[in-house]
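**Q** Can you keep this structure in mind? I'll have questions shortly.
The values are calculated or read from the model by the stated rules, or taken from the named source; none is laboratory data. In this text the structure is predicted, and so the values were computed from the model without any measurement. Ideal geometry is used to build each Cβ from the backbone, glycine not excepted, and the neighbour counts take in all protein chains shown.
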Amino acid sequence: MEVTKVINATRTFKIGEVETKALRGVDLTIESGEFTALVGPSGSGKTTLLQLIGLLDQPTSGSVFINGKDATRLNRDQRADLRKGTIGFIFQFFALIPTLTAYENVELPLLLNGMKPAERKARVNEMLEAVGLSDRAHHRPDQLSGGQQQRVAVARALSIRPSMILADEPTANLDTENGKQVMEIMQKLNKETGVTFVFATHDPRVIKYANRVVTLRDGMIVENGNSAKA
Ligand code: ADP
Ligand code: MG
């Protein structure tokens, strides 16, 4: 069972003489299969915390344990290796490659992981089907709606069969209907595959999908939801 444990993590950014304490001692346990929202006002530290959980960034002090392994003791390459097979990302602005089709965008992480062509093709088609976009496989991002683009991003994040998906404000640039579709797909995939989802949001329409709500304020967790056993 996958468990991520953030222990007494701080993250301070320094630009010139100005120090910003983005996180001030955060403890958080994420268990396998959670569907958890990180909420809090803009600037409260949601993105910073997601980046620590996703091993894209390192805490200034404190630790991040993945399955009992202290990721803060790994070097950059070792962290990238740990991340590559286990964690998928979804971003606010979709972050698709504009010159590639939906199919090719979903295929890219599989190419990078060296998956064989026949298996790759089957996997890409399965993922596009899972997000309801089989009929848009050969469209480029600019030929898709925002909601469709984000569904491609969901398919891309899931293609490597990660154990955890981290989504930063996944619906912030979508209208209500498209936001709902994206959340419903993420919820369905969470139930069907057991993949852990952690998403940052301040949209009440999105928060209501969460099984657990973790609230941040000024770089600290002020409410820790219910699911953590720690
Ligand atoms: P949220 O995602 O909740 O809006 P962030 O985690 O992005 O909050 O930011 C928390 C605080 O850290 C903010 O005050 C922000 O300005 C600051 N911050 C975030 N990233 C950086 C950075 N790379 N350099 C300097 N300050 C940063
Ligand atoms: Mg943010």
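**Q** Is it the case that some residue within the stretch 21-41 is in a loop (DSSP other than H, G, I, E, B), buried (at least 22 other Cβ atoms within 10 Å of the Cβ) and within 13 Å of ligand 2 (Cβ to nearest atom)?
**A** yes
**Q** State all residues of the stretch 55-65 that are surrounded by fewer than 17 Cβ atoms within 10 Å (Cβ to Cβ) and not in a loop (DSSP other than H, G, I, E, B); if no residue qualifies, say none.
**A** Listed by number, the residues that qualify are S61, S63, F65.
**Q** Further, regarding this structure: Kindly indicate whether L96 is of a type outside the set (F, W, Y), touching a residue at least 24 places away in the same chain (Cβ under 8 Å) and in a helix (DSSP H, G or I).
**A** Spelling it out, it is not the case that L96 is of a type outside the set (F, W, Y), touching a residue at least 24 places away in the same chain (Cβ under 8 Å) and in a helix (DSSP H, G or I).
**Q** If I ask for residues that are surrounded by 14 or more Cβ atoms within 10 Å (Cβ to Cβ) and either at pLDDT 95 or above or in a loop (DSSP other than H, G, I, E, B) (or both), which ones from the stretch 66-90 would you list?
**A** Selection gives N67, L74, T86.
**Q** I've got another one for you. Only residues that are buried (at least 19 other Cβ atoms within 10 Å of the Cβ) and in contact with a Ser or Thr (Cβ under 9 Å, 6 or more places away or on another chain): list them for the stretch 137-146, please.
**A** P141
**Q** I would also like to ask the following. If I ask for residues that are of a type in the set (V, I, T) and within 8 Å of the chain's Cα centre (by Cα), which ones from the stretch 157-177 would you list?
**A** If the condition is that a residue be of a type in the set (V, I, T) and within 8 Å of the chain's Cα centre (by Cα), then I165 is the only one that fits.
**Q** Looking only at residues in the stretch 91-113 that are surrounded by fewer than 19 Cβ atoms within 10 Å (Cβ to Cβ) and aliphatic (A, V, I, L, M), which one is nearest to N178 (Cα to Cα)?
**A** My answer is A95.
**Q** For R161, work out the one condition from (1) at pLDDT below 95; (2) under 23 Å from L82 (Cα atoms); (3) crowded, with 18+ Cβ neighbours inside 10 Å it doesn't fulfil.
**A** It is condition (3) that R161 fails.
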